[in-house]
Structure formats: C-alpha cells, structure tokens
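Trainee: Sharing a structure with you now.
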Amino acid sequence: MATTTTTSSFFSNFKYSDSLTLFGISICTAIICEAISYLLIYRTTSYKQLKYSIDKASKKLETMKTGEPTPSLTTKKSKTKKIDRVESSLKESTRDLSLFKFKSGFVVAFVLFMVFGFLNSLFEGKVVAKLPFVPFRLVQKMSHRGLPGDDMTDCSMAFLYFLCSISIRTNLQKFLGFAPPRGSAAGAGLFPMPDTKSN
C-alpha cells in the first residue's frame, strides 16, 4: 500500500510531467494532421503526378547545369533557353502543388487551432519547462507568454508546443516519405520570387 502511494506521488510530482504531456500531445497531433493530409492529398493521383513532374524537372535541371561547358555561342544560347524552359515548368508545377495542398491546409489549421485552445486552457499560467538560457527579447514575447514573474527562463506552453510541432511534424513527414519533393523549395509558395537572371 505504501509502495503504491509512493509511486503515485512520484508521477504526480514528476518534474517533467507537463513537458512530456505536451510532447505526447504534439506527436498525436502531428500524426492526425499527416493522416488528414494523406487522405486529402498524398494518396491522390494528381499529387503523385505533380510530385513526379517536379522530381523529374529538378533532376533534369541539375544535370543541365552541371553538364559539360559548351564552347559554341549558339549552342550556349540554345542550352540557356532549354534551362529557362525547364525552370519555368518547375516553378509552374511547384505553384500548382502549393494550390493543391490548400484544401487540406484549412482542415489541418482547424485541428491545430482546436488543440491549441485545449492546451491553452490546460496549461494557462503554468511553467511547462525551463530554458537553459535567457532568450532574445523578441522571443521572450512567446516563450514567456501568459506566465507570471520575471524569470525569462520559464517556458510557456505556446513556445514549447510550437517547437515540438515544427520538429516532430517535419521529421514525421520525412519518415513517412511525405516531405516536399526536391526542387519545390526553390519556387515554393503561391507567389514565387521573380527571376533575377540578367538577360
């Protein structure tokens, strides 16, 4: 009886219980979000075709840029035009991929909003972790958000949840093979950066 009471007391007063709880919820949330993305995006034929075209264009562009230098001026101009066409195709496919991901983005955002609201009510005003350093003033607005006192090494739920969510979901996508296709980062987003090459 005494042993049971001691064990129960140990877990209830465990130093890192809040941090581990938050970490566990972050893992579960990441899995749910990736499951939603799989159902709405990753398993579809349209996504697979876009991913294939981006991978193919990226490899082709890399081969063309690292190939043998062309001595002839005419050949060099022809090669430059081919590279421009491949880059244009790559940017278009990347933009289409970003638009395609939008339909699951709203659902995932809703899930994250609900989870954040739940965690906010659960850990309101509670220190969930201790930072090993005093963060920059700009970061302190999030790391010390809603916490009493002036100890800036106290870590709020919002900051720890943000760090956990980013790191866990990114690694989970890589593990499941759902990471963005190579080459998509160059023109990622709905509004890619303009081409700065000189004519």
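Each value in this text was obtained by applying a stated rule to the coordinates, not by laboratory testing. Fair warning: this is a prediction, and the values are worked out from it, not measured in the lab. As a convention, Cβ positions derive from the backbone with ideal geometry for all residues, glycine included, and neighbour counts pool all protein chains shown.
Trainee: Once you list every other residue whose beta carbon is under 11 Å from the beta carbon of LEU176, what net charge do they have if Lys and Arg are +1 and Asp and Glu are -1?
Mentor: Working: positive: ARG169, LYS174; negative: GLU34.
Computed value for this residue: +1.
Trainee: Considering every Cα-Cα pair within the range 22-137, what fraction, in whole percent, is farther apart than 20 Å?
Mentor: On the way: 4289 of 6670 pairs.
Distances greater than 20 Å cover 64 percent of the Cα pairs.
Trainee: Another question about this same structure. Considering only SER89, MET114, PHE102, whose Cα is most displaced toward the positive end of the charge dipole of the range 61-162, charges sitting on Cβ of Lys, Arg (+1) and Asp, Glu (-1)?
Mentor: SER89
Trainee: Give the lysines reachable from LYS81 as a straight Cα distance under 21 Å; neighbours fewer than 8 places away on the same chain don't count.
Mentor: Straight-line reach from LYS81, under 21 Å: LYS56, LYS59, LYS60, LYS65, LYS91, LYS197.
Trainee: Here's a follow-up. Please state the Cα pair-distance histogram of the range 96-146 with 5 angstrom bins from zero: what percent is in each bin?
Mentor: Bin by bin from 0 Å, the calculated values are 4, 16, 15, 16, 14, 13, 12, 8, 1.
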